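Scroll down for the structure; my scribbles are underneath it.
The values are calculated or read from the model by the stated rules, or taken from the named source; none is laboratory data. Keep in mind the model is a prediction, meaning the values are calculated, not measured. We place every Cβ from the backbone using ideal geometry, glycine too, and count neighbours over all the protein chains shown. The accessibility values were calculated without ligands, DNA or RNA, using every heavy atom of the protein model including side chains. Shrake-Rupley method; radii C 1.70, N 1.55, O 1.52, S 1.80 Å.
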Amino acid sequence: TTARGDGAPGMEGGGGVDAAGGGVHTWRLAHVCAFAFLLHLKPSEPHIVPYLTDVKGFTNESVANDIFPVSVYASLVFYLVARPVSRRIGLKTFVLLGATCKLWTRILLVWGTSLAAMQFTQVLFAAGSSADAILLAYAYAVARKDDGDAHPNSSNPTPDPNDPPSSARRGGRYRTVTAAITASHLGSYTLAALFGQIAYESGASYASLFHFSLGSVAAGCVVGGLLPS
């Protein structure tokens, strides 16, 4: 059932359609948002420096000079190759590889002990972060497929006069997807930071926060494995 009015939202095929007519299946978009949310729900992040110094035993100088700079140089490489590699292997595959890198980052942070292991976490972190931008492109691709399913006759030379122009549908679709993914990222960061601070002030150890982050990212990888193609 489709309900359309002057600027009123409608529903088609179980998905939301915004005022501009951009069709997006709600459950698919929610699936991608849940994936993004879980990957960034890491209450340990604000405590990474004291964790490395107090729990892992590295000095502040080693953290600042030997560990963190690795991610900067690694990011230069991964962000440059992200687009061509994702086009070759597919957006979903690249996004899932990024999630796997995030998971191994958590594993090494929890169980790694050597300087080399901590430096490798920064390489994995850079690789995983490069997939964040590709996730948005993947979400656009999923929404574009949904729009094609919702408007199979969009190439018809005599379209329904009540249908909005295809450019309006595309604009509305991308606005919806961009807002949803961005809200998932920012909401996850905010909730994780608040939860981590409250938990630490309530007596939780740094190690427990990092174990929680590991569990959240692992759950995100499971959700990611079920993402639509």
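Brief remarks follow.
- A 1.4 Å probe run over the stretch 46-144, with the rest of the protein chains in place, finds 50 Å² accessible per residue.
- 19 Å cut-off, amide nitrogen to a point 7 angstrom out along S202 Cα→Cβ, residues in the stretch 41-67: 41-47
- The rule of thumb for compact globular proteins, 2.2 N^0.38 Å, goes into the C-alpha radius of gyration of the stretch 19-116 1.41 times.
- Equivalent ellipsoid semi-axes, the stretch 177-229, via Cα gyration tensor eigenvalues times 5, rooted, Å: 25, 16, 5
- The C-alpha atoms of the stretch 71-128 occupy a region whose extents along the principal axes are 36, 21, 10 Å, arranged from largest to smallest.
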